[in-house]
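Quick notes on the structure that follows.
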Amino acid sequence: MKKIRVSLIFLIIFTIHSSGQLEFDNLAHAGNFGFGTHGGYGYFKYEERSSAFGPEQKAKSQQDAFIFGVSGEYSFPKPENFYAGITTDWLFGLKDRETWKEDGVRFQINDIKVFGQWYDFRFGYKNSIDNLYYRLYVSGGWDGIHFKRSNLFERGVARAGTVTKDFSLWRTGGGISLGYKIGKWALDSRASYAYFPFVEIDDSSLPEFTFDTNGTCLDAGLGIARMITKNMGFYAGVSYTLLTLDESDVMQRGSIKAVSPESEIEILLGVVNLTYAF
């Protein structure tokens, strides 16, 4: 039922991830400042796996999620065509059952819920050739992802309490967006890549460890924008985000050895975005 419900929502509203905000000057032409707000619904999929200590252990879950965010941008009068902007996002998961398997055999189930936050700063160049417009930018920022696990059953035995895991990710990268205007409408696309050189992971079940790793993120989207007034624009599209983190080095404290598993996050969201330029 969950997959059917999400699919129906995708048919009703077009989607766009937070990092694909409506470009303020594509359909609004009212000055150097712009801001926007967006919100929507979709799913958040999480997997982790490791065979550092023998048989491969793998966890998998997928939960419905909704997102809310705001963005702002300033276009420099000189040098022309350069701009700076910020995008913020907050994602709230709606909880799902997570399944753990060891060499393909289930050994644990639990509830899992996620909260994510993203802060992205950009500096770039934008221009147009007739009806075709484009942007190139570099970006950097910080992401935080918090997981809460509860109602754990390991090998048929209930475990009391909750377990939390926190990802702190520093990001650098760049991207490109292309669009084509047809009257008050525009077809808009984007793609970006980010590298996480510094990632720290804290697991409440292993309080004596802080794990260090790195990772990458690919993000792409396609959507439709429309001018509502001279100052205001509306955007809707489709977006996909894939974030992967490497397994950390094995750490040891006394007789305890631990590792942070290789992990993968997929985000597909239904979002609408409204922007205003002045």
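Length available on full extension from Phe33 to Arg253: 0.36 nm per residue minus the Cα-Cα distance, which gives 74.0 nm.
Taking the average, over residues, of other Cβ atoms within 10 Å as the packing measure, peptides 209-215, 60-66 rank 60-66, 209-215 from highest down. The modelled label-to-label distance for the pair Asp103/Ser51, using points 7 Å beyond Cα in the direction of Cβ, is 1.1 nm.
Scanning the chain for GluC sites (Glu not before Pro) that sit in a DSSP loop and have at most 15 other Cβ atoms within 10 Å, the longest stretch containing none of them is 81-207. Bridgeable lysines around Lys230 (alpha carbons under 27 Å apart, same-chain partners fewer than 8 residues away excluded): Lys78, Lys126, Lys181, Lys184. Tell me which trypsin sites (Lys or Arg not before Pro) from the range 158-267 have a DSSP coil assignment and no more than 15 other beta carbons within 10 Å of their own. Qualifying residues, ordered by number: Lys184, Lys230. Pairwise Cα distances in the range 28-162 exceed 25 Å in 49 percent of cases. From least to most packed, judged by other beta carbons within 10 angstrom and beginning with the fewest, His38, His146 follow the order His146, His38. With the biggest extent put first, the Cα atoms of the chain measure 65, 41, 26 Å across the principal axes.
Cβ-to-Cβ counts within 10 Å put Lys78, Lys58 in ascending order as Lys78, Lys58, the fewest first.
Look at where the Cα atoms of the range 188-203 and of the range 220-261 average out, and the two centres are 6 Å apart.
Residues Ser239, Ser255, Ser260, ranked from the fewest to the most other C-beta atoms within 10 Å, line up as Ser255, Ser239, Ser260. The mean sequence separation of alpha-carbon pairs under 8 Å and at least six residues apart, normalised by the residue count of the chain, gives a relative contact order of 23 percent.
Here the Karplus relation 6.51 cos²θ - 1.76 cosθ + 1.60, evaluated at θ = phi - 60°, turns the backbone of the range 35-47 into coupling constants of 9, x, 9, 8, x, x, 8, x, 9, 10, 10, 9, 9 Hz, with x for every Gly and Pro. Rounded to two decimals, the Cα radius of gyration of the range 171-272 over 2.2 N^0.38 Å is 1.58.
Bear in mind these aren't lab numbers, they're just calculated from the coordinates by the rules spelled out. Computed from a predicted model, the values in this text were never measured in an experiment. In this analysis, Cβ positions are derived from the backbone assuming ideal geometry, glycine residues included, and neighbour counts consider all displayed protein chains.
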